[in-house]
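Read-outs: derived from the displayed coordinates by stated rules, not from any lab. Note that the structure is predicted; figures quoted are calculated from it, not measured. Virtual Cβ from ideal backbone geometry, glycine too; neighbours counted across all protein chains shown.
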Amino acid sequence: MKKRILTALVMAPLAFLVVGWSPPWLFLLVLLAFVERGLHEYFLISRQAGFKTIPVVGYAAAGTLCLAQAAELHWPESRGIAVLAVLVLSVILTLTVALWRPSDPKQYLSATASTIFGIIYIGFMLSWLVPLRFADSGEGRQLTLLMLLVVCFSDIFAYFVGRAVGRTPLIPRISPKKTVEGSLAGFAGSLMVGWGFAHWFWQTAPVKRVILLSVVVAVAGQLGDLVESALKRAGEVKDSGTLLPGHGGVLDRIDSLIFAAPAMWAAVALAAMLKWPA
């Protein structure tokens, strides 16, 4: 517990500083580092589960997806095209390279499937942090900080309430320690954070809008946590790594963001398209 708290006290301020106030090049550099490290841990889990992987293609594709999102910020006319092109080429490249990689043809399917899944699961999903942070509306800082706060406090409330009063398993075959009580507490904590953020930090936005976005992030974040738990269960590992004392690996810390980032971006884009709420 002591290591967990100390690591959080060091990492949290740095994360908020980078997300809220770093220049675009530093934000992108940090994102690339987390994407590549997270993908590395995913490949370790995949191999532990018995799947072959093609790491060199995965690393290159995941990083290029983030760079493509950044490029689209400077060339709006290519909006959506660059990312889609990189994604399609990544699939083709993976399927092609795998023809020569596995020694056993029966491993072709596992190698390609696990690699393509990793590219999409980590590279593609986290790449949406770029357009979210540097949104055309000028609200990128507020949106990204809100998402980060909701994810953090959802984890905190779920962890401590689950340990204290959790009795009903949520999905025991996936994560025996996660409880319904902890999940509900995490959801309640997310709404509280959203309300406080709207009142004290993002006062120009309607409270209803901030609360709705908090709901989206809370649900997506908990789903992301459960998906990573399922992957670790498949690989029969407790943590994705040991890089962060008391917290496990990088993938253990960004699992909620993997779902929360694209979900937040999609919610904002949909609201803008429908012009609601004002």
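Worth a mention:
- Annotation: amide H of ALA205 has no partner in the under-5 Å range at sequence separation 5 or more or interchain, hydrogens built in the peptide plane.
- Label-zone membership for the stretch 248-262, site ILE156, 7 angstrom Cα→C-beta point, backbone N under 20 Å: 248, 252-258, 260-261
- Other residues within the sphere of radius under 15 Å centred on the Cβ of TYR121, judged by their own Cβ, net out at -4 (K and R +1, D and E -1).
- The H on the amide N of LEU170, modeled in the peptide plane, is under 5 Å from the matching H of LYS178, THR179, VAL180, each at least 5 residues off or on a different chain.
- Packing-based exposure ordering (other Cβ within 10 Å, fewest first) of GLU236, GLU36: GLU236, GLU36
- Kyte-Doolittle mean at least 0.0, axial Cα span of 18 Å or more - DSSP H helices of the chain: 2-21, 24-48, 55-74, 81-97, 140-165, 180-200, 207-235, 250-274
- Global form of the stretch 29-167, assessed from the alpha-carbon gyration tensor, a/c cut-off 1.5: oblate
- Magnitude of the charge dipole for the stretch 2-274, about its Cα centre and with charges confined to Cβ atoms of Lys, Arg (+1) and Asp, Glu (-1), is about 720 debye.
- Peptides ranked, highest mean first, by Cβ atoms within 10 Å: ranges 40-51, 118-129, 164-175: 118-129, 40-51, 164-175
- Extension gain (nm, one decimal) between ARG141 and ALA15, 0.36 nm per residue minus Cα-Cα: 44.1 nm
- On the beta carbon distance between VAL215 and LEU84, with R0 = 30 Å, the FRET formula returns roughly 0.55.
- Ellipticity estimate at 222 nm from DSSP helix runs (n ≥ 4, -39,500 (n - 2.57)) divided over the chain, nearest 500: -24500 deg cm²/dmol
- Relative contact order for the chain, counting Cα pairs under 8 Å that sit 6 or more residues apart, in percent: 22 percent
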